[in-house]
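The values are calculated or read from the model by the stated rules, or taken from the named source; none is laboratory data. Just so it is clear, the structure is predicted and the values come from calculations on it, not from any experiment. Heads up, the Cβs are rebuilt from the backbone with ideal geometry, glycines too, and the neighbour counts pull from every protein chain shown. Just the protein is used for accessible areas: all its heavy atoms, side chains included, with ligands, DNA and RNA removed. Shrake-Rupley method; radii C 1.70, N 1.55, O 1.52, S 1.80 Å.
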Amino acid sequence: MELPFAESWKIKMVEPIRKSTREEREQWLKECDYNVFMLKSEQVYIDCITDSGTGAMSDRQWAAMMMGDESYAGARSFFNLKETITRITGFEYVLPTHQGRAAENVLFSYLVHEGDIIPGNSHFDTTKGHIESRKAFAVDCTIDEAKDTQLEHPFKGNVDINKLEKVLKEQGDKVPFVIVTITNNTAGGQPVSMQNLREVNVLCEKYKKPLIFDSARFAENAYFIKTREEGYADKTIKEIAREMFDLADGMTMSSKKDGLVNMGGFIATRHKDWYEGAKGFCICFEGFVTYGGMNGRDMDALAVGLDENTEFDMLETRIRQVQYLASKLDEYGIPYQRPVGGHAIFLDADKILTEVPKEEFPAQMLTVELYREAGIRGCEIGYILADRDPVTRENRFGGLDFLRLCIARRVYTNNHMDVIAAAIKNVYDRRHEVKRGLKIVWEAPLLRHFTVKLAPAGE
Ligand SMILES: *Cc1c(COP(=O)(O)O)cnc(C)c1O
């Protein structure tokens, strides 16, 4: 018989996790103001709040940590990292930062000015935050198919070329660059096809605009290109990644995702003037240009992580685990953003808690219900995250309302996936009993979802 699929690694070190009782969780929900970001991790049984910085490093990465050069300037670890990044991306200029949003902060300090318009495909929340805090505007040009969660589309993260051209044609003078997020996190970890990246590149050349990739999950994106797009089946992940980056002028990277490290980020570009323009901000906000907020040892671990995670076996293990969880949900008939993306399941709260009005944040309520059910922590990617319109200050209810369940890299087994699926089923089976959601008691003016305080609506 054909052998079943199994992980491309074995486990060398484990960390105990603890279950809790429903009574404990009820109490903890009150104490955290129904915002799971405010829970202690010991109060969580299976943590799916993010795949960011939560992965397990390999033995090779831990070994590399021991070789870290902690010199303030010119550390060997930096040159190791830079050589790896240049080899994978082709970008010659590299600035390390302590995480992805710091890369955005440094690069956007140089490139983004008040009144600018930055089109792209569903900007990530920190990306949007760094644009809007500079009184500039993020324009979402994602394809409409991404809004229909039940529609199957192999590259649901794609940019709508017509929408993008309209922005460039009508307001091109205000556009400093176009940013494409690979994979498209906000739309459900959905990939962007090479064909689409090529079309965006052609448009950018036509309107003489640089193209930046927000590259947090570029390796997962390359995996989808290899497995779904015609002509790529025989190419390696590294070849595909290089072909992608050949279409861009530069990248921001959260190394906490496809870099397989717990903290880190960087900017890489082919333009010397961007490097020269951004480096002062790096020194000011992050650190000297050869460490920019990272330890030497962490740069070495990242260099190894980037290499490991641009290998097919690693990505296949990871993405097939996410697909395994999705297949369980299919068995139970639970609606999520289809087809499942690379790093997470995005449950369609609108279609699950159908009786909770949108003003009471159904996806946040679903997050609370799943935690209450089994101590599983997900994250709302919906109306609370969408925040308020910067001008009208109205809640933005125009997008999708998801409960995102991220799968950490190399951390949980498929038994954990079975527990997650069963817990979701239990919540789904009693979905009609949930008629009210949550109300906001306090919120921050920017990036409110991290610290928002909520209470049951109608109480
Ligand atoms: C995580 C992420 C960021 C921000 O990176 P941090 O390391 O969390 O600061 C930016 N863009 C995308 C697409 C991300 O997933």
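Filtered by the rule that a residue be acidic (Asp, Glu) and open to solvent by 40 Å² or more (accessible area, probe 1.4 Å), segment 263-297 gives Asp273, Glu276.
Residues in segment 175-226 that are out of contact with any Asp or Glu (no Cβ under 8 Å at 6 or more places or on another chain), hydrophobic (A, V, I, L, M, F, W, C) and in a loop (DSSP other than H, G, I, E, B): Ala187, Val192.
Using the structure shown, decide if Val192 is within 16 Å of the ligand (Cβ to nearest atom) and either among the β-branched types (Val, Ile, Thr) or open to solvent by 10 Å² or more (accessible area, probe 1.4 Å) (or both).
On the way: within 16 Å of the ligand (Cβ to nearest atom): yes; either among the β-branched types (Val, Ile, Thr) or open to solvent by 10 Å² or more (accessible area, probe 1.4 Å) (or both): yes.
It is true that Val192 is within 16 Å of the ligand (Cβ to nearest atom) and either among the β-branched types (Val, Ile, Thr) or open to solvent by 10 Å² or more (accessible area, probe 1.4 Å) (or both).
Screening the candidates Leu164, Leu151 for the property of being open to solvent by less than 10 Å² (accessible area, probe 1.4 Å), away from the ligand (no atom under 16 Å from the Cβ) and closer than 30 Å to Pro335 by Cβ yields one hit, Leu164. Considering Arg430, Arg448, the condition of being within 21 Å of the chain's Cα centre (by Cα), over 19 Å from Asp330 (Cβ atoms) and not polar (S, T, N, Q) is satisfied by Arg448 alone.
With (1) surrounded by fewer than 22 Cβ atoms within 10 Å (Cβ to Cβ); (2) among the aliphatic types (A, V, I, L, M); (3) within 16 Å of the ligand (Cβ to nearest atom) as the list, and Ile334 as the residue in question, which single condition is left unmet? With (1) surrounded by fewer than 22 Cβ atoms within 10 Å (Cβ to Cβ); (2) among the aliphatic types (A, V, I, L, M); (3) within 16 Å of the ligand (Cβ to nearest atom) applied to Ile334, the lone miss is (3).
Pull up segment 173-189, narrow it to residues that are over 20 Å from the mean Cα position of the chain (by Cα) and open to solvent by 10 Å² or more (accessible area, probe 1.4 Å), then point me to the one that is farthest from the ligand (Cβ to nearest atom).
Keep residues of segment 173-189 that are over 20 Å from the mean Cα position of the chain (by Cα), which gives 173-177.
Going one step further and asking which of them are open to solvent by 10 Å² or more (accessible area, probe 1.4 Å), we end up with 173-174, 176.
Details: Asp173: 27, Lys174: 23, Pro176: 18 Å.
Result: Asp173.
Among the residues making up segment 33-76, a single one is within 18 Å of Leu306 (Cβ to Cβ), in contact with a Phe, Trp or Tyr (Cβ under 8 Å, 6 or more places away or on another chain) and hydroxyl-bearing (Ser, Thr, Tyr): Ser58.
The residues on offer are Phe224, Phe213, Phe245, Phe266, and the sole one that is within 18 Å of His123 (Cβ to Cβ) and touching a Ser or Thr at 6+ places or on another chain (Cβ under 8 Å) is Phe213.
Restrict the check to segment 338-354 and report whether at least one residue is surrounded by fewer than 18 Cβ atoms within 10 Å (Cβ to Cβ), in contact (Cβ under 8 Å) with a residue 12 or more places away in the chain and out of contact with any Asp or Glu (no Cβ under 7 Å at 6 or more places or on another chain). Yes.
Against the condition open to solvent by 40 Å² or more (accessible area, probe 1.4 Å) and at negative phi, how does Arg217 come out, does it pass? Give the derivation first.
Working: open to solvent by 40 Å² or more (accessible area, probe 1.4 Å): no; at negative phi: yes.
Answer is no for this residue.
Assess whether Asn35 counts as being more than 23 Å from the chain's Cα centre (by Cα) and buried (at least 18 other Cβ atoms within 10 Å of the Cβ). So Asn35 does not fit the description; no. Scanning segment 249-269 for residues that are in a loop (DSSP other than H, G, I, E, B), in contact (Cβ under 8 Å) with a residue 60 or more places away in the chain and either within 19 Å of the chain's Cα centre (by Cα) or within 16 Å of the ligand (Cβ to nearest atom) (or both) yields a count of 8. The condition (being at pLDDT 95 or above and in contact with a Gly (Cβ under 6 Å, 6 or more places away or on another chain)) is satisfied by just one residue among Ala349, Ala423, Ala457, Ala374: Ala457. The sole residue among Arg101, Arg87 that is under 25 Å from the mean Cα position of the chain (by Cα), buried (at least 19 other Cβ atoms within 10 Å of the Cβ) and basic (Lys, Arg) is Arg101.
Scanning segment 227-248 for residues that are crowded, with 18+ Cβ neighbours inside 10 Å and either within 16 Å of the ligand (Cβ to nearest atom) or assigned to a helix (DSSP H, G or I) (or both) gives Ile237, Ile240, Ala241, Met244, Phe245, Ala248.
So for segment 312-321 (the condition being of a type in the set (Val, Ile, Thr), out of contact with any His (no Cβ under 8 Å at 6 or more places or on another chain) and surrounded by fewer than 24 Cβ atoms within 10 Å (Cβ to Cβ)), does at least one residue qualify? Before you say what the answer is, go through the steps one by one.
Step one: list which residues in segment 312-321 are of a type in the set (Val, Ile, Thr), which gives 317, 319.
With out of contact with any His (no Cβ under 8 Å at 6 or more places or on another chain) added as a condition, the list becomes 317, 319.
Keeping just the survivors that are surrounded by fewer than 24 Cβ atoms within 10 Å (Cβ to Cβ) gives 317, 319.
Scanning segment 312-321 turns up at least one residue that is of a type in the set (Val, Ile, Thr), out of contact with any His (no Cβ under 8 Å at 6 or more places or on another chain) and surrounded by fewer than 24 Cβ atoms within 10 Å (Cβ to Cβ).
Quick one: in segment 20-32, which of the residues that are in a helix (DSSP H, G or I) and among the hydrophobic types (A, V, I, L, M, F, W, C) is most open to solvent (accessible area, probe 1.4 Å)? Looking at the filtered set, the residue picked out is Trp28.
What number of residues within segment 1-19 satisfy the criterion of being farther than 20 Å from His343 by Cα and either among the charged types (D, E, K, R) or buried (at least 16 other Cβ atoms within 10 Å of the Cβ) (or both)? Walk me through it before giving the result.
Keep residues of segment 1-19 that are farther than 20 Å from His343 by Cα, which gives 1-4, 10-19.
Then drop every residue that is not either among the charged types (D, E, K, R) or buried (at least 16 other Cβ atoms within 10 Å of the Cβ) (or both), which leaves 2, 10, 12, 15, 18-19.
Final tally of qualifying residues: 6.
In segment 44-54, the qualifying residues are those that are open to solvent by 20 Å² or more (accessible area, probe 1.4 Å) and more than 12 Å from the ligand (Cβ to nearest atom), and the one that is nearest to Gly375 (Cα to Cα) is Tyr45.
Looking at the structure I just gave you, is Thr392 closer than 29 Å to Lys135 by Cβ and surrounded by fewer than 24 Cβ atoms within 10 Å (Cβ to Cβ)? Answer is yes for this residue. Taking segment 202-214 as the range and being open to solvent by less than 50 Å² (accessible area, probe 1.4 Å) and among the hydrophobic types (A, V, I, L, M, F, W, C) as the test, the residues that pass are Leu203, Cys204, Leu211, Ile212, Phe213. Out of everything in segment 355-364 that is surrounded by 24 or more Cβ atoms within 10 Å (Cβ to Cβ) and of a type outside the set (Gly, Ala, Ser), what residue ends up being nearest to Trp28 (Cα to Cα)? Out of the qualifying residues, it is Gln364.
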